[in-house]
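Here is the structure we will look at, set down as structure tokens.
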Amino acid sequence: MTFDCDVLVVGAGISGLTAAFQLGRHGLAVEVVDAGSRPGGVIGTEHSDGVLYERGPNSILDTGPFINDILGELGILSERVEISAIAAKRFLVRAGRLNALPTTPLAFAKTSLFSAGAKLRLLKEPFIGRAPADAEESVARFVVRRLGREFLDYAVEPFVAGVYAGDPAELSVSAAFPRLHEIERRYGSLIRGQILGARERARSGAKAKNVAASFSFREGLQTLTDVLARRVGRVATATRAMRVSRDSDGTLLLDAEHEGAVFQKRARALVLAVPADCAATLIRDFAPDAASALEEIPYAGVVSVAQSYRRSDVLHPLDGFGVLAPRVEKRHILGTLFSSSMFEGRARGNEVLFTTFIGGRRNPELLSRPDEDLAAFVREELAALLGAHGAPVFSAITRWPRAIPQYTLGHLDRIRRAEQAQHAMPGLHLCASYRGGVAVGDCIRSGCDTAEAVARYLGRK
Ligand SMILES: Cc1cc2nc3c(=O)[nH]c(=O)nc-3n(C[C@H](O)[C@H](O)[C@H](O)COP(=O)(O)OP(=O)(O)OC[C@H]3O[C@@H](n4cnc5c(N)ncnc54)[C@H](O)[C@@H]3O)c2cc1C
């Protein structure tokens, strides 16, 4: 048997690059192919005349020691920048005004973000029974049942829009928020579980997403994917994978195309780290049901709008992470990050940088609006919410028609069906944000786990 490499990784986003890097650490010969013009997938940092903005993700949640292990191994721990202390404050819009999200029980008791009725309703939570073990609930149903409608509208719905660009009525609580589901199952109450779970995490060194700190890099998030790609070495861009098959001797084959030329790669194992619809196309010939399951996974589209204003043109102190706009407030935006308050060096001297997200499952129709309309919506919202007057001095719009996979009702069953492809073709591994979490930290963990599984398969462990 002849191979081009031990493992071929398709997709050079954070999932694929992490898997490839970790496989290299096992002493395996790895190659990566990606259809894009540069590695990184949706992670993309731009520098424009003194402005540093992100087209995709803006920060990574530090949810466990595995992240720093990789940064240390890559030699970029010193490039890491922590989110500023003021960004601990997060705002939500209610009745057209910004309200700080309470972070202590006392602040919760005092906040005008929730009515007295909603606060009292929370006291009932520990006494509400578990959902039946076999019932799959939407996030919306779960939250209304345990915490009440107002908590859904003014806490969970905007948060879900911020993380998934999603709709809590569509998302499955066990797939999208497995920890919440597990807390109810184990402790019978979210409040009780929060207290007892914190003790367990303190022992294991893991951090819950709601308390983990966010970070980036001095030169933006692309530092991570650039260094990963350099360390992996063999990353072919502008190379589109077309079909996966298997030779009679068991070798895995990938048909790919580069600048119009079609060629074939041979490997002992293959990692598909591409979005679900792309993976479906690649495996359809030998695993049609797995391909259908992957195709059924919906994605949310998002537009990211980076805009700088003169500091003197913005009335709000911008003393926080940003603001989320609940659906019930009927605004044009999902939320805005105060990017230059989060990290230093993002805006020019006397300016501030915002990153605003539009669309999602809430307003998919906005994705087809022209750039001028989107820029105008953002400008109107920033004026109304933050007192940002005049015109932005810098503006950049990035469209992501398929930004984030949605873990909707039935998702776990779809993933089980998709995994059949791995049984139909031993040596094939699926690794991407439609599985194991959509956050960058989740994708890093999935990449590490996939590398372990491949190394085991190839007898390296
Ligand atoms: C606008 C936006 C903001 C976000 N904000 C945050 C945030 O602040 N924090 C956070 O933790 N997460 C955030 N996320 C989520 C997170 O960034 C993503 O879930 C994660 O980066 C996905 O990584 P991935 O490697 O799985 O996929 P991708 O980055 O999508 O990479 C997949 C790769 O596959 C390649 N590919 C596709 N088809 C083929 C083919 N046929 N052949 C070869 N290659 C192919 C693509 O070119 C791409 O490079 C955000 C996402 C978006 C879109």
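Here region 228-251 is the region considered, the condition is being of a type outside the set (Gly, Ala, Ser) and modelled with pLDDT under 95, and the residue that is nearest to Ile444 (Cα to Cα) is Arg234. Exactly one residue out of Asp69, Asp49, Asp62 is over 27 Å from Val173 (Cα atoms) and either surrounded by 17 or more Cβ atoms within 10 Å (Cβ to Cβ) or touching a residue at least 40 places away in the same chain (Cβ under 8 Å) (or both), and it is Asp49. Among strands (runs of 3 or more DSSP E) entirely within region 214-304, having at least 3 residues that are assigned by TED's automatic domain parsing to the domain that holds Ala451 singles out 239-246, 252-258, 261-272. The set of residues from region 12-32 being assigned to a loop (DSSP other than H, G, I, E, B) and either more than 9 Å from the ligand (Cβ to nearest atom) or farther than 16 Å from Asp449 by Cβ (or both) comprises Ala12, His26, Gly27, Leu28, Ala29.
Taking residues in region 78-102 that are within 24 Å of Leu224 (Cβ to Cβ), and partners anywhere that are at pLDDT 95 or above and basic (Lys, Arg), the pairs with Cβ atoms closer than 6 Å and at least 6 places apart or on different chains are Glu79/Arg218; Val81/Arg218. Of these, Ala290, Ala267, Ala229, which one is in contact (Cβ under 8 Å) with a residue 60 or more places away in the chain, within 11 Å of the ligand (Cβ to nearest atom) and small (Gly, Ala, Ser)? The conditions single out Ala229. For Gln422, the conditions (1) modelled with pLDDT of 95 or more; (2) in the same structural domain as Ile14 (by TED's automatic domain parsing); (3) among the polar types (S, T, N, Q); (4) surrounded by fewer than 21 Cβ atoms within 10 Å (Cβ to Cβ) are fulfilled apart from (1).
Within region 405-461, the only residue that satisfies the criterion of being within 11 Å of the ligand (Cβ to nearest atom) and among the basic types (Lys, Arg) is Arg435.
The values are calculated or read from the model by the stated rules, or taken from the named source; none is laboratory data. Since the structure is predicted, the reported quantities are computational estimates derived from the model, not experimental observations. Don't worry about glycine lacking a Cβ; one is built from the backbone with ideal geometry, like all the others, and counts go over all protein chains shown.
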